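The values are calculated or read from the model by the stated rules, or taken from the named source; none is laboratory data. Just so it is clear, the model here is predicted, and its values are computed rather than measured. FYI the Cβ positions are ideal-geometry reconstructions off the backbone, even for glycines, and counts take in every protein chain you see. Areas reflect the complete protein model, heavy atoms only, side chains present, ligands, DNA and RNA absent. Shrake-Rupley method; radii C 1.70, N 1.55, O 1.52, S 1.80 Å.
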Amino acid sequence: MKALIWCAPYKVKVEDVPEPKIINKRDAIIRVTSTCICGSDLHLVDGFIPFMKPGDILGHEPMGIVEEVGPDVDKSKVNVGDRVVVPFHISCGECFFCQRQMYSCCDNTNTKPYIGETLLGQATAGILGYSHLTGGYAGGQAQFLRVPLADFNCQKMPQEFEDEKLVFLSDIYPTGYMAIQHCNPQPDDTVAIWGCGPVGQFAIRSAFLLGAAQVVAIDDEQKVPERMQMARDAGAITIDMHDEYVYDRLLDLTGGLGPDICVDAVGMEAHGYTMLETIYDKVKTNLFMETERPHAVRQALMCCRKGGTVSIAGVYGGLSDKIPMGALMNKALTIKTGQTHVHRYVPELLETIRQGRIDPSFVVTHRMPLSEAPHAYNIFREKSDGCIKVVLDPAA
Amino acid sequence: MPQTQQSAANRGVHTGDGRQRSGEGPLRQFIQEHVPSLTPQNGHQAHRQNVADGERVVSVAAGAILAGLGLARRDLTGLAIAGVGGALAYRGATGHCPMYQSLGVDTATGEQHRRSAESRGVQVTESYYIRKSPEELYSFWRNFENLPQFMEHLESVHNEGDRRSHWVATAPAIYGGQVEWDAEITADEPNRRIAWRALPDSDIQHSGEVRFQPGPGDRGTNVTVNLQYHPPAGQVGRWLAKLFGEEPETQIREDVRRFKRLMETGEIPSIKGQPRGTCLGHGTRS
């Protein structure tokens, strides 16, 4: 089968590899019908999460049809022929964390937990196609995918919607939604969102779905005008970080209080706001003294109103410098974060699609065959050709 | 078998070696003799060595190169690079890294553990909450023939009567590929505790104990495993020292974790045999 593999920083290719087979008795094999490129794939491809091995298959936003199930799969939950979305993380449903619906913290699915324990103290759940830090599982940018603990991880989908409306339930829709929902938004709240990428777009729409009074989106009008326009189309006020003072605009929009909820939907590869900050992080990351460039979260902490909540949805993997701890502590801020607990949100978000309250396919700008995935990665990274979200077709 | 109860927090390798690593090591001695101003007082806890000797040499060398490159640039970025280089060199020279200290990292002590583990054998205690009842966990473990399902280096165990069993473990080919011994159960308290040991005339001196105690709330059962591999005897001993001497804690910790996963989910997560690419135009399996 064809699969997109990682070979070296900034280098991916499509290669013929063996088809996956059942390894454990609760595995299933999925024929992938749609699979997407996620912003967090860029962190892997660019070498910001240094646990990739050449030949690893990428991809964690797949959906497809179940082709084969292992002997111990509970067939009342998933069976051959079912149409399923596969969440990006693999969860067991049984452990301490799964019992508390913290599925992305699952204790039983990461095959190499000692890496996470060294780097993070404790390991996360296994994640599809997301480096050996999260278990080294082969990913979903391929024609076929093995799903472990399939009766818990395969999320059955109705037949009446096309793939593009459902596939984002695997990651970015729940991710944008959780970024707002776990901050417990109130009807008079202002939500500010750094980053108008796909997760930012879903966070904007989720903030409105959850009843926020005002949503402000922050990004660069010169670099990504199409993303700013998409944010405005959803009803957000936009701030151009290139031409405007973000802090001043946010305070003007909130009667001097600052936003109640500030969402970092950018993560570790943010581009800086001031020359000094940019140079500082460039030097440190290039010398491996720091593994990320946390501009967005710094600014979110400074702008957030006293007693407000800063929500970190963007991915970080290692060490960040110059986090304004003074602002965090003295302003009595709350931090909400985490890899998304996708399984927790799938039923209610599927319901929003059913009710027509959202059509997740709004974010798709490019549809390409899997064989063109390396080109897709390039335009997505460079944000060229108006690229916001790519859906790959493995069968084409 | 120590009768004292090991607490869950007290995981880890107990080598019985309380020696503080304060002054030994050729590099440290060299620095003490030649660069006394860089050498912190011995025994001063805040500046204890926490960087392994090998890493120190690399740190000094890399630091010197960076400092040189940085200064050669003659600009602001160069100055920053030189500063970083200086810090690296200093940390290598003193063997103390403030960043490691603040992160709680200590590569020097691991080195010490490793060295004494090689010469003294190991005793490891690991503890996990497992979301199953003590009854279920006890009865699975009590049938020693189940142990190879989660103990990676065990090939097979055969029960021979109620308290005797025959164990086969894998070993590198130069040691014959296998090591075998007979073990007997020395304590059996249903749903609470099992202890066993290799018979005294075995090639390997090994003993183990597992305890099952109800955990708080819905957290399942607190399972504590204590394994000992005593001083090496002959070739097999050398192999064991090597096998367990490298990372005995990790080795056994992973075995107990596999037990937890097998009990909670019915399987052990695996990626063996999944497809991967080669970057050469054709794929393979891992």
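Per-residue mean of other chain beta-carbon atoms within 10 angstrom of the beta-carbon, peptide A:107-119?
Averaged over the peptide's residues, the number is 4.
For the pairs A:13/A:383; A:11/A:165; A:53/A:156; A:77/A:165, flag any whose C-alpha to C-alpha distance is greater than 25 Å.
As for pairs spanning more than 25 Å Cα to Cα, those are A:11/A:165; A:53/A:156.
For region A:1-87, treating each Cα as an identical point scatterer without solvent, what Debye log10 I(q)/I(0) comes out at q = 0.10, 0.12, 0.22, 0.26 1/Å?
-0.31, -0.44, -1.08, -1.25
Quick one: ranking A:334, A:109 by accessible area, 1.4 Å probe, largest first, what do you get?
A:334, A:109
Heavy-atom accessible area of residue A:269 with all protein chains present, probe 1.4 Å, nearest 10 Å²?
Roll a 1.4 Å probe over it and residue A:269 shows about 30 Å².
Among A:76, A:371, what's the order by accessible area (1.4 angstrom probe), most exposed first?
Result, largest first: A:76, A:371.
Please state the relative contact order of chain A as a whole percent: Cα pairs under 8 Å, 6+ residues apart?
Value for chain A: 17 percent.
As a test question: what accessible area, to the nearest 10 Å², does residue B:265 have when a 1.4 Å probe is rolled over all protein chains in place?
Approximately 10 Å² of residue B:265 is accessible to the 1.4 Å probe.
Given the Cα-Cα distance of residue A:114 and residue A:319 and 0.36 nm per residue of separation, how much length would full extension add, in nm?
Result for the pair: 72.0 nm of gain on full extension.
Separation of region B:60-99 and region B:174-218 by C-alpha centroid, Å?
51 Å
Which value in nm describes the separation of the simple spin-label points at residue B:193 and residue B:154, placed 7 Å from the Cα toward the beta carbon?
2.0 nm
For A:92-100, what's the mean count of beta carbons from other chains sitting within 10 Å of each residue's beta carbon?
Average per residue, whole number: 4.
List the relative contact order of region A:30-163 as a percent without decimals, with contacts defined as Cα pairs under 8 Å and 6+ residues apart.
So the answer I get is 30 percent.
Would you mind checking region A:153-173 for residues with the amide N under 15 Å from a putative spin-label position 7 Å along Cα→C-beta of residue A:367?
Residues A:161-168 fall inside that zone.
Per residue of B:256-269, how many C-beta atoms from partner chains lie within 10 Å of its own C-beta, taken as a mean?
So the per-residue partner count for this stretch is 6.
So for the pair residue B:69, residue A:226, with labels modelled 7 Å out along Cα→Cβ, what separation do we get in nm?
Distance between the two pseudo-spin positions: 3.8 nm.
Arranged from highest to lowest average of other beta-carbon atoms within 10 Å per residue, in what order do the peptides A:312-318, A:194-200, A:223-229 appear?
So the order, starting with the most tightly packed, is A:194-200, A:312-318, A:223-229.
With each label point set 7 Å from Cα along the Cα-Cβ vector, what nm distance links residue A:25 and residue B:280?
Modelled inter-label distance: 3.7 nm.
Per-residue ellipticity at 222 nm for chain A, helices alone: DSSP H runs ≥ 4 residues times -39500 (n - 2.57), over residue total, nearest 500 deg cm²/dmol?
After summing the helix terms and dividing by the residues of chain A, the value is -8000 deg cm²/dmol.
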